[in-house]
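These notes are about the structure you will find just below.
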Amino acid sequence: MGKIKVTSCGDIDGLKVVEPTVFGDSRGYFMETYNYNDFKEAGIDVTFVQDNQSSSSRGVLRGLHFQIQYPQDKLVRVVSGEVFDVAVDLREGSPTFGKWYGVILSAENKKQFFIPKGFAHGFVVLSEMAEFVYKCSDFYHPNDEGGLMWNDPDIGVEWPIPEGMKLIQSEKDQKWGSFREYCGK
């Protein structure tokens, strides 16, 4: 292996931070962002079928999203700027059901975040602009969207939102329900 370093995320099974080996010299750098064999050897045996990219300005908060009938594994990274990226365990029966994990992803640190099926996902942009790219293991189905309130107290995500930062959300993201509603309690 050696081309990537994979770290498990706390006690939440399946979440992983992936750090590629970066080869740099006076011309710049080179890195492999994805190699199926290396990922498989590291325990991430997923076939990705769709790549997505978004650009967002400071304060944009996207999420917390998930697909209901067509869940997706995701491999996310930032190619410009910096975000705080979050995954929430929604796998029923999981010992960490309802727990979250967050990581700073940036063009500078080049970290990637692997989020398996069964998680809600979201991020907030901390830099002036950020370009966010991600691979998905299933296609996007617009009628299959689910979501949770980004600031649900039962989940308790500790977003590193600087004082005075104005959050920008889509209308849809402002209307997601609570974790309790999701659980039917």
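The values are calculated or read from the model by the stated rules, or taken from the named source; none is laboratory data. Owing to the predicted nature of the structure, the values given are computational and were not obtained by experimental measurement. All Cβ positions, glycine included, derive from the backbone under ideal geometry; neighbour counts span all protein chains shown. SASA here: full protein model, heavy atoms, side chains in, ligands and nucleic acids out. Shrake-Rupley method; radii C 1.70, N 1.55, O 1.52, S 1.80 Å.
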Checked segment 138-185 against the a/c 1.5 cut and the a/b vs b/c comparison, axes a ≥ b ≥ c from its Cα gyration tensor; verdict oblate
Shape metrics for segment 1-53, restricted to C-alpha atoms - Rg then Dmax, Å: 13.0, 40
Solvent-accessible surface (1.4 angstrom probe) belonging to residue 101, in square angstrom, nearest 10: 70 Å²
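With all protein chains present, how much of the accessible area of segment 78-185 (probe radius 1.4 Å) comes from carbon and sulfur, to the nearest whole percent? Mind dumping the intermediate values first?
Values: 2700 of 5520 Å².
Roughly 49 percent, rounded to a whole number.
Place the peptides 66-77, 12-23, 50-61 in order of packing, highest mean first, counting for every residue the other Cβ atoms within 10 Å and averaging per peptide.
On the way: 66-77: 19.2, 12-23: 17.2, 50-61: 15.1.
Packing proxy ranking, top to bottom: 66-77, 12-23, 50-61.
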Taking only DSSP H segments of four or more residues, each worth -39500 (n - 2.57), what value at 222 nm results for the chain once the sum is divided by all its residues, to the nearest 500 deg cm²/dmol? -1500 deg cm²/dmol
For segment 65-162, what does the equivalent ellipsoid look like in terms of its semi-axes, each the square root of 5 times an eigenvalue of the Cα gyration tensor, given largest first in whole Å? 22, 17, 12
Describe numerically, in nm with one decimal, the distance between label points set 7 Å from Cα along Cα→Cβ at residue 154 and at residue 40. 4.0 nm
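Which of rounded, prolate or oblate describes the chain when judged by the alpha-carbon gyration tensor and an a/c cut-off of 1.5?
Working: a/c = 1.77, a/b = 1.28, b/c = 1.38.
In terms of gyration-tensor shape, oblate.
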In nm, give the distance between the simple-model label positions of residue 5 and residue 27, each being 7 Å from the Cα along the Cα-to-Cβ direction. 2.6 nm
Compute the Rg to Rh ratio over segment 1-111 from the alpha carbon atoms, using the Kirkwood formula for Rh, and round to two decimal places. 0.96
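Can you sort 165, 129 by solvent-accessible area, 1.4 Å probe, largest first?
Details: 165 25, 129 100 Å².
Ranking 165, 129 by accessible area, largest first, yields 129, 165.
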To make sure I understand the rule: partners must be lysines, Cα under 22 Å from the Cα of residue 74, and not fewer than 8 residues away in the same chain. Which ones qualify? 3, 5, 16, 40, 99, 110, 111, 117, 135, 172
Mean Cα-pair separation over length for the chain, i.e. relative contact order, pairs under 8 Å, 6 or more apart, %: 27 percent
Please report the relative contact order for segment 1-46, taking Cα pairs under 8 Å with a sequence separation of at least 6, and give it as a percent rounded to a whole number. 30 percent
